[in-house]
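Coordinate-derived values only; no laboratory data. None of the values given here were measured: they were computed from a predicted structure. Quick reminder, even Gly has a Cβ in these numbers, built from the backbone with ideal geometry, and neighbours come from all protein chains shown.
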Amino acid sequence: MTESPDRARQFSPSRRSFLTAAAASAAVVATPLAASGASAVNLGSSSQGIGVPVRPQPPDKRLSQLCAAIDPRRVEQSIQALVGFGTRHTLSVQDDPNRGIGAARDWIFEQFQSYAARSGGRMTVEKQSFVQPVSPRVPAPTVITNVIATLHGDSEPNRAYVVSGHYDSRVTDVMNATSDAPGADDDASGVAAALEMARVMADQHTEATLVFAAVAGEEQGLYGSAHMAATMAEAGVDVQGMFTNDIVGSSTADDGTRDPHTVRLFAEGVPTAETEDEASIRQAVGGENDSPSRQLARFVESVAQNDATDMQVRTIYRRDRYLRGGDQISFLQQRFPAARFTEPAENFAHQHQDVRVENGVQFGDLPEFCDFGYTARVARVNLAALWSLAQAPGTPKGAGIVTTNLTNSSTLRWTASTAADLSGYEILIRETTSPEWTDAVRVGNVTSATVDISKDNVFLGVRAVDSDGHRSPVAFPVPMS
Ligand SMILES: [Zn+2]
């Protein structure tokens, strides 16, 4: 790392306000756990409470090295290069080598290819093009191209995690395809983060697949990501997590205050693509705070707030900001868990604005307003999440909570993991009013377990653990008989 950490922030009010709640509730569930004769595994009895407190998963040595390799100078170079194409508007020129979205597309492709050359054939790069038909913000059929680098997993290549930024840009008039639209923060910053992650990861081995994407058409209506997510769904790719990095370029609010060690993570509660059956279950027994996207956000909190990232993750319990959307929505619409990283406090004079000076105030999304060290730290947060996801077993599938009889114990079932280095599973427990999982009960390498605590009173989940101690995100069980 090229920056010295600002230790004072650890005692800032904002950090306290969003970390002490979880810590304070860690001891809430203290009901003694008795052995259940019918359980698949003898959990033993404890007078100390159930299981052990849930703790963050610290970075392993490799992850710390990878995070340290994220280079703020390269982030700066990428943002400057993208701004240098004048405009990257989706409707801008595609065949000029120096200006417009086509030049940006080719530059990003070359960057990914240069990283893939070091991957021993495990990273492949593609231009994923399609024709967007006439739509509200697309007046004529237009070729849209996503540039995608895929680092294929060694043991579970069909299990994938996606990280993206959007490389298209805009000014005040969303249909203006010719004026300079630097889009430094929105969203060259997110593309630069994805590029830097791909560079650092290119020569690494992972169990699952990582996909690094620069998508287009975002400002016109999320078209690039919609095509990408639909393509992955049609191909049967098991996307277990997606993060868009959109507006991750600045840590300075419009009043000048700085919050350089916090990133927001927007994660929805009720799933965008929830079915009627799922809605009626949720209405009956809860779960509005337990979507796969919320579990993904909790996973990020557990692996990405540490010395390797030098960052706090402020999870926001909504899909996106008021009046705004992003590429995570395209993945949510395909029922993939997804969430959005965004800087802590946006300056709207620097987004979606014609570059101009008005009453002495500079408007426009210019690189001079960016904090490249901040974007590098956001990339480290993403990298910590992606690395930890790709080295851990996948989220348990088929998780159910048995509801055959009225009983005050709780039996969970799930499908056996296919991870080669699987060690076992943990049952997670929390009060229904707690935002975070607080207690974990180790249950061994089984596909069913009973805990002597009433499912009526707490929320329960299950996660997989491998021989290195890497934990999967939590699966929230559905009622089953
Ligand atoms: Zn954006």
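Rounded to the nearest 5, what is the percent of antiparallel bridges among the DSSP beta bridges in the chain? Close to 65 percent. Would you mind getting the Kirkwood hydrodynamic radius of region 329-399 from its Cα pairs, rounded to one decimal in Å? Evaluated over region 329-399, this radius sits at 15.7 Å.
Rounded to two decimals, what ratio of Rg to Rh does region 171-313 give with C-alpha atoms and a Kirkwood Rh? Please list the in-between numbers first.
Numbers: Rg = 18.0 Å, Rh = 18.2 Å.
Ratio of gyration radius to Kirkwood radius for region 171-313: 0.99.
Rounded to two decimals, what ratio of Rg to Rh does the chain give with C-alpha atoms and a Kirkwood Rh? Write down the numbers at each step before the final one.
Working: Rg = 22.7 Å, Rh = 23.0 Å.
Radius of gyration relative to Kirkwood radius: 0.99.
Extension gain, VAL357-GLU431: 0.36 nm per intervening residue step, less the Cα-Cα distance, totals 21.4 nm. To the nearest ten degrees, helix 223-234 and the longest principal axis of the Cα atoms of the chain are 40 degrees apart.
The string of couplings for region 160-177 from the Karplus curve (6.51, -1.76, 1.60, θ = phi - 60°) is 10, 10, 10, 10, 9, x, 10, 9, 6, 9, 7, 10, 4, 8, 5, 9, 7, 9 Hz, one whole number per residue in order, with x for Gly and Pro.
Here the scattering of region 336-481 is modelled by Debye summation over its C-alpha atoms, one equal scatterer each and no solvent; at q = 0.10, 0.21 Å⁻¹ the log10 of I(q)/I(0) is -0.53, -1.27. Seen from a random direction on average, the alpha-carbon convex hull of region 94-215 projects onto 8.1 square nanometres.
Which length gain, in nm to one decimal place, applies between SER114 and SER155 when the Cα-Cα distance is subtracted from 0.36 nm times their residue separation? It would help to have the intermediate numbers written out before the result.
Numbers: separation 41, 0.36 × 41 = 14.76 nm, distance 2.47 nm.
Length gained, SER114 through SER155: 12.3 nm.
About the centre of its Cα atoms, region 323-481 shows a dipole size close to 580 debye [charges on the beta carbon of Lys, Arg (+1) and Asp, Glu (-1) only; nearest 20 debye]. Axis angle, to the nearest 10 degrees, between helix 276-285 and the longest C-alpha principal axis of the chain: 50 degrees. Between THR178 and ARG62, the contour length at 0.36 nm per residue exceeds the alpha carbon distance by 37.3 nm.
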